[in-house]
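Step one of this worksheet: look at the structure below.
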Amino acid sequence: MTITTGEPAITGPDIDDLVIRVRHAAGDTTELEAAKTALFGTAGAAPADAQLIRQRLLTVALHHGGDLLAKLLVRLGPRETAMVRRYAHRLGYFLETLEIWSAKPITLTLMRFGVPYIEAEAIAVAILLLVW
């Protein structure tokens with residue numbers, strides 16, 4: 001797993017890509033556009049609110065793909081990448097139900113999906129690094 005620092009995990013172009021993908025799927029993009037404004041507007045979002053927004057953006061990316069999902073996959077090895085691709089929708093639905101995101105419930109859920117422990121833990125950590 002690759003860990004980088006000093007750069008924003010989620011950028012405006014990532015959100016623009018999600019907007020295009022959701023629009024293509026005939027979905028409502030109002031929430032995504034509001035998220036972009038909240039994260040990158042003049043006032044900016046409070047850190048706790050920004051984390052919730054990033055979490056929601058990641059769940060949308062798991063359902064629709066795109067640049068943001070690619071940022072998650074870049075942090076993973078080939079086996080973990082294959083597992084995320086295989087279970088992206090199920091993982092997205094699970095993450096939408098979580099109130100507090102932590103590694104343990106994400107890891108355990110991935111293991112219930114059939115992902116081995118080592119890969120599940122690496123995926124959980126990569127997810128958390130992307131949204132924190």
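The values are calculated or read from the model by the stated rules, or taken from the named source; none is laboratory data. Because the structure is predicted, anything quoted here is derived from the model rather than measured. Quick reminder, even Gly has a Cβ in these numbers, built from the backbone with ideal geometry, and neighbours come from all protein chains shown. These area figures cover heavy atoms from the full protein model, side chains too; ligands, DNA and RNA do not enter into them. Shrake-Rupley method; radii C 1.70, N 1.55, O 1.52, S 1.80 Å.
Below is a table of values for the structure above.
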read-out: Single unsatisfied condition, residue 72 versus (1) within 24 Å of residue 19 (Cβ to Cβ); (2) of a type in the set (A, V, I, L, M, F, W, C); (3) in a loop (DSSP other than H, G, I, E, B); (4) within 15 Å of the chain's Cα centre (by Cα); value: (3)
read-out: Residue satisfying condition, being at pLDDT 90 or above, closer than 23 Å to residue 27 by Cα and either open to solvent by less than 60 Å² (accessible area, probe 1.4 Å) or in contact with a Gly (Cβ under 9 Å, 6 or more places away or on another chain) (or both), within set 59, 109, 81, 97; value: 59
read-out: Some residue of region 106-125 being aromatic (Phe, Trp, Tyr) and closer than 20 Å to residue 53 by Cβ; value: no
read-out: Single match in 36, 71 (criterion: open to solvent by 40 Å² or more (accessible area, probe 1.4 Å) and touching a Leu at 6+ places or on another chain (Cβ under 8 Å)); value: 71
read-out: Residue under evaluation residue 114, criteria (1) within 15 Å of the chain's Cα centre (by Cα); (2) open to solvent by 10 Å² or more (accessible area, probe 1.4 Å), criterion not met; value: (1)
read-out: Selection status of residue 89, under 12 Å from the mean Cα position of the chain (by Cα), surrounded by fewer than 13 Cβ atoms within 10 Å (Cβ to Cβ) and either on the phi < 0 side of the Ramachandran plot or assigned to a helix (DSSP H, G or I) (or both); value: yes
